[in-house]
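The block underneath contains the structure these notes are about, expressed in structure tokens.
The values are calculated or read from the model by the stated rules, or taken from the named source; none is laboratory data. All values derive from a computational prediction rather than experimental measurement. Heads up, the Cβs are rebuilt from the backbone with ideal geometry, glycines too, and the neighbour counts pull from every protein chain shown. For the accessible areas, the whole protein counts, side chains as well, though only heavy atoms, and no ligand, DNA or RNA atoms are used. Shrake-Rupley method; radii C 1.70, N 1.55, O 1.52, S 1.80 Å.
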Amino acid sequence: MTTDQDLKMDGQPATSVFATKGTDVTPKKDKGVIKVVKRQGLDGERPMIGDRVTVHYTGKLLSGKKFDCSRERKEPFSFNVGKGQVLKAWDIGVMSMQRGEVCKLLCKPEYAYGSAGNPDKIPPSSSVVFEMELLKFEGEALTGDSGIIRRIKVKGDGYMNPNDGASVEVHLEGKCDGRRFDCRDVSFIVGEAEDKGVPLGVDRAMDKMQKGECCLLYLKPKYGFGSEGKPEFKIGPYKDIVYEVTLRSFQRAKESWEMDLPEKLELAAVVKQKGNQYFKVGLHHQAVAQYQRIVLWLEMECGTGMEQQKRIQSYMLRAHLNLALCFLRTKEYTQVVENCNKVVELDEHNEKALYRRGEARLLRNEFSLAMEDFQHVLQVNPSNRAARAQISICQSKIKEHHEQDKKTYANMFQKFAERDAKQVRKMKRRRDECVRNGMNGEVGIKRRRRSQDGPSAK
């Protein structure tokens, strides 16, 4: 029968080592997670809430029995720390570590597997020991292109987040190359932060934050000050920036289901005008946020009369057309095609939708489809010179593409022919060698026979 003293550390009972050398890393200081460092990590920062961490670990009971080990699977384990995705002891322990550190954690049941344990592995109400190695960690990407990375310094309260159109009060501190350039309290509407000189990346992060949260936002130029920079802050073009943001309070905007149709139509007019203002000064991402609000509000509405139906269709057409134009500017051509398709569903002969879809398809090298769109434009409006010019470009591109295909296939066939000829020559050489070897063999046999027969009798 095993006892708690069976697990050894440095030749001593593990519980004794934790008692004499361990550090209580729990926030409550209730000794629920005791840590002993086995190898110091690299000097520097530690993981923050929400960071993506990668670890190797080995789990043992106090009896010394191993119940899990990532190294034996030859595969490290990754998770977002501080988000409740793993054992409470792991969230606490890993956030106390540095990159490259190896430590052991003595975890009480309430921080590990609880009173139930884990069937066939962990007895009920068992303390366990984990050896952890922190391999790496990185912030949480809030966008698909990793242009906004968040690292949470202080977790917020509750589960509510600001939504699009919400009023927020925040404290901002901005840095570039280690120099602080911005420090202020500011209020703004989510989706309209640009009006207060707040960069797009901070605006975009709002719907992920909770009241009281303090986080670091690492912004690429696309979500910072872009190609123009920010002269008043002495920031040049294409610079990465970092903002520390504290969300002090917010008031959520009405959701779509909380508004009736007249209210939506009234707001759509205001939001459309706001989007147009952003577009005119080249703030295409901000304009997109405004036009998308119109689509969100009205895409499921039918209206009760002809007048309402016409107004809904008019707003939807303009929103999708404007979205297509914005996405053309930001070179997101798939989004252009999708929004133009929405317009064509409502109005199959819409000249702007057909033309903009043709532009996007041409830029995606879909020359035949683009030419079909431009030809359709001419059917709708024969005097559209731009569409006629685009057709000429498509024809030229198609011809160029065919010529390139010819060259590619010609070179391919030439290589095949050369390879076949080489193989034929190689086979011929082998055949000739076989023939020569065969003839030499016959001559040798005849000579051996004559020598064996000796001189003939005379």
Residue tally, condition in a loop (DSSP other than H, G, I, E, B) and either open to solvent by less than 70 Å² (accessible area, probe 1.4 Å) or at positive phi (or both), over the range 117-160: 13
Pick from the range 387-409, criterion loosely packed, with under 12 Cβ neighbours inside 10 Å and either among the acidic types (D, E) or touching a residue at least 12 places away in the same chain (Cβ under 8 Å) (or both), ranking: nearest to A360 (Cα to Cα): E400
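Check whether at least one residue in the range 257-280 is in a loop (DSSP other than H, G, I, E, B) and out of contact with any Lys or Arg (no Cβ under 8 Å at 6 or more places or on another chain), and report yes or no. Step through it out loud before you land on a result.
Our first condition is that a residue be in a loop (DSSP other than H, G, I, E, B); within the range 257-280, this holds for 259-260.
Next, only the ones that are out of contact with any Lys or Arg (no Cβ under 8 Å at 6 or more places or on another chain) stay: 259-260.
Taking every residue of the range 257-280 in turn, at least one turns out to be in a loop (DSSP other than H, G, I, E, B) and out of contact with any Lys or Arg (no Cβ under 8 Å at 6 or more places or on another chain).
Look at L362 and say whether it is in contact with a Lys or Arg (Cβ under 8 Å, 6 or more places away or on another chain), over 29 Å from K254 (Cβ atoms), of a type outside the set (S, T, N, Q) and modelled with pLDDT of 95 or more.
Judged against the criteria, L362 is a match.
Taking the stated definitions as given, is V186 at pLDDT 95 or above and under 19 Å from V271 (Cα atoms)? Walk me through it before giving the result.
Details: at pLDDT 95 or above: yes; under 19 Å from V271 (Cα atoms): no.
Here the answer is no, as V186 does not meet what is asked.
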Subset of the range 62-77 [in contact with a helix residue (DSSP H, G or I) (Cβ under 9 Å, 6 or more places away or on another chain) and farther than 18 Å from L134 by Cβ]: L62, S63, G64, K65, K66
If E232 meets every condition in (1) touching a residue at least 12 places away in the same chain (Cβ under 8 Å); (2) surrounded by fewer than 14 Cβ atoms within 10 Å (Cβ to Cβ) apart from one, which number is that one? (1)
Restricted to the range 1-24 and to residues being open to solvent by 70 Å² or more (accessible area, probe 1.4 Å) and farther than 15 Å from S63 by Cα, the residue modelled with the lowest pLDDT is D10
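Pull up the range 326-364, narrow it to residues that are in a loop (DSSP other than H, G, I, E, B) and within 25 Å of H285 (Cβ to Cβ), then point me to the one that is most open to solvent (accessible area, probe 1.4 Å). Lay out the reasoning, then the answer.
Let us first name the residues in the range 326-364 that are in a loop (DSSP other than H, G, I, E, B), namely 330-332, 347-350, 364.
Then keep just the ones that are within 25 Å of H285 (Cβ to Cβ); that gives 330-332, 350, 364.
Values: T330: 37, K331: 147, E332: 64, N350: 22, R364: 85 Å².
So, considering only residues that are in a loop (DSSP other than H, G, I, E, B) and within 25 Å of H285 (Cβ to Cβ), the one most open to solvent (accessible area, probe 1.4 Å) is K331.
Condition check ((1) open to solvent by less than 80 Å² (accessible area, probe 1.4 Å); (2) within 30 Å of K220 (Cβ to Cβ); (3) without any contact (Cβ under 8 Å) to a residue 60 or more places away in the chain) across all residues:
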site	(1), (2), (3)
V55	yes, yes, no
V86	yes, yes, yes
E101	yes, yes, no
Y111	yes, no, no
S115	no, no, yes
P162	yes, yes, no
Report, ordered by the first and then the second residue, all pairs with beta carbons closer than 6 Å, sequence separation of six or more or different chains, a first member in the range 132-146 that is within 11 Å of D51 (Cα to Cα), and a second member that is open to solvent by less than 30 Å² (accessible area, probe 1.4 Å) and assigned to a loop (DSSP other than H, G, I, E, B). F137/P47; F137/D51; G139/D51; E140/G50
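Filter the range 81-97 down to the residues that are assigned to a loop (DSSP other than H, G, I, E, B) and over 25 Å from the mean Cα position of the chain (by Cα) and list them by number.
From the range 81-97, those assigned to a loop (DSSP other than H, G, I, E, B) are 81-87, 95-97; that's our starting set.
Within the range 81-97, L87, S96, M97 meet the criteria.
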